[in-house]
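What follows draws every value from the coordinates through simple rules; no lab data is involved. Model, not experiment: these values are computed from the prediction. Cβ sites come from the backbone with ideal geometry, for glycine too, and all protein chains shown count toward neighbours.
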Amino acid sequence: MRAPAPPPLVTLQDISLGFGSKSLFSHAELSVGRRERICLVGRNGAGKSTLLKIIAGIIDPETGTRFVQPGCQIAYLPQEPVIPEGQTITEYIKEGLREENREDHYLIDAMLNMIRLNGNLVMNNLSGGEKRRAAIARSLVSQPDILLLDEPTNHLDLPTIEWLEDILEKFPGGFVVISHDRTFLNRLTKTTLWVDRGIVRRLNKGFQHFEEWAETIVAQEEVERAKLDKRIAQETTWSHQGITARRKRNQGRLRRLYDMRSVRAKHIDHGRSVIMESEIGNVSGAMVIEAKNISKSYDDRMIVTNFSTRIMRGDRVGIIGPNGAGKTTLLKLLTGTLSPDKGYVKLGMNLTPVYLDQGRAQLDPDKSLWATLCDSGGDQVMVRGKPRHVIGYLRDFLFEEAQARSPVKSLSGGERNRLLLAKALAQFSNFLILDEPTNDLDMETLDLLQEMLSEYEGTLLLVSHDRSFLDRVVTSTIVLEGDGTVKEYAGGYSDYLNQRRLSSPESAKKHQKIKPLATGTSSFQSTPKKLSYQQKRDLELLPKKIATLEATIQELSARLEDAELFSRNPEVFLKTAEGLEQARLDLEKSESHWLELEALREEIEGV
């Protein structure tokens, strides 16, 4: 006989909470057990951070009960930690110790060694990433049974995010995490809590299964909504928008990205400078940036050494590297706002750049969303040279009509970032320069930004630490190693890892713990001389399979159009909905596989 499962360490029962007239939760239930790996997801403003604070005991619910097992230690990492003026790192971390361990300095020393910071440094003088590392150390120093993390990867560079992933994989307690980093959630979580219109739903699977599960729920609601009043029908549609944007990827767009990466790969050569003089002037504005053997140093520290690149119209170039490696410096060098010590940078003709820096322009908290976008009054906002009604444009950025006259100060942090993007992207441009645009953005806004950039016809320079976002957007990746070495790789972050493993055994050892992203991006490895037998067979059979799946989807969709099916036979409805979802998933995988094989065939045959 199996031993009974241990009781949960934290339990919330029948929790309800609202602010003003808005209800966040109604009769919510959840529990957190030892060794659980839970992600908390939901659209911006749904109440995820508030729910995390209720679990932590920082906020009391209006109704319901919170029970914590005696002796259970809970640690909470807020999204924006409050740091007293003049406090050192050691003093800050010490406040996280259990009361009975306040004099155990070896625990603090262990944390300082882990985050590689001098404990005598003053917290207020640290960079955003250093403050975050110290905050993580403070939450871990008490050796908690339950760890609550609100956007822990904010302001962290890629090496530090991977460091945090390793720590959490080995963490002996349970944790609940809010994060917009898909790769982070896919790697770590085993349970998903979805905060959706006041309901907390639980899926006993990790985040990688969330969107498929959520879309099945939404499909059921869409059938049922014919029986509901208009208000609930609108709310269901509003919820559906975010889910379908994530799940349904346009295959034409995917193929376009593959094609762009193939073209970009031909422009990259690590062994020599790539200068193609014959292309200059053939098409007006075809060349955007030409950098030849550029170098830059500060106080005897090399930032960039002998780097060359050529960026053409339509290229989407990502820039990555550790904090302090010089990503923003390289961005300024490539855009001509900073001169190199050696070499030269030549900018193309007729460029109209729009620059969104890390600081972001400050919004007036007392202005309405309407007034923020319509600087000169009226109800029209000029979007890349064309007039749009402000309400329609706000809807493009997932704002409700009722929010248009609300003050900016009523928005959540993610909504404010969404408004900043709306204002910046309204400007006409053919050259977008985005420095850390994904910092502090919720997942909904990231999806929106990714979709907009996929349709952008100009050239993009992007600094980001978001691995999944890079994989879905860029055609090449420039990597700063931190010692002045700068190299460019075709494709996104996954492609960079694959190419680095192939080119350097030492790099392979360094990155052997990093799992390649399952995002469907192409991998620019050495091309085989011919297709394998299985690849040829797949290429022959996949079109038939795709046609069959399309017919199945059409048939199952027609069945679900019967508004009475659910009430007449719920079991048949659910099986049909599950079958439809599986068929859509199979179709997406089959189309992606066929595209990869067809691209490989064309490359081998020189088509």
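Can you sort Glu564, Glu211 by how many other beta carbons sit within 10 Å, fewest first?
In order of increasing Cβ crowding within 10 Å: Glu564, Glu211.
When the Cα centres of segment 68-95 and segment 195-212 are compared, how far apart do they sit, in Å?
Each part reduced to its Cα centre gives a spacing of 29 Å.
If you rank Phe67, Phe469 by fewest surrounding Cβ atoms within 10 Å, what's the result?
Phe67, Phe469
Kindly count the pairs of lysines across segment 528-605 whose alpha carbons are less than 24 Å apart, treating pairs on different chains or eight or more residues apart as eligible.
The number of close lysine pairs in segment 528-605 is 10.
Report, in debye and to the nearest 20, how large the dipole of segment 63-112 comes out about its Cα centre when Lys and Arg carry +1 and Asp and Glu carry -1 on their Cβ.
Using only the charged Cβ atoms, the result is roughly 280 debye.
Between Gln427 and Arg559, what length comes free when the chain is fully extended (0.36 nm per residue of separation minus the Cα-Cα distance, one decimal in nm)?
43.0 nm
Taking the Cβ of each residue in Lys292, Lys346 as the centre, tally the other Cβ atoms inside 10 Å and list the residues starting with the fewest.
The order, fewest Cβ neighbours first, is Lys346, Lys292.
I want to check the label-to-label distance for Thr352 and His209. Put each point 7 Å from Cα in the C-beta direction and report it in nm to one decimal.
Once both label points are built, they end up 4.9 nm from each other.
Using the Kirkwood radius built from alpha carbon pairs, what does the Stokes-Einstein equation give as D for segment 528-605 at 37 °C and 0.692 mPa s, in µm² per second?
229 µm²/s
From largest to smallest, what semi-axes in whole angstrom does segment 363-427 give when each is the square root of 5 times an eigenvalue of its alpha carbon gyration tensor?
17, 12, 11
Cα-Cα over 28 Å: which of Lys170/Lys205; Lys131/Lys170; Lys205/Lys327; Lys292/Lys386?
Lys205/Lys327; Lys292/Lys386
Just to compare against my own numbers: the Cα pair-distance distribution for segment 140-207, 10 Å bins, whole % per bin, please.
All Cα pairs, binned at 10 Å, distribute as 18, 53, 25, 4 percent.
When the C-alpha atoms of segment 10-213 are aligned to their principal axes, what extent does each axis show, in angstrom, from largest down?
46, 33, 31
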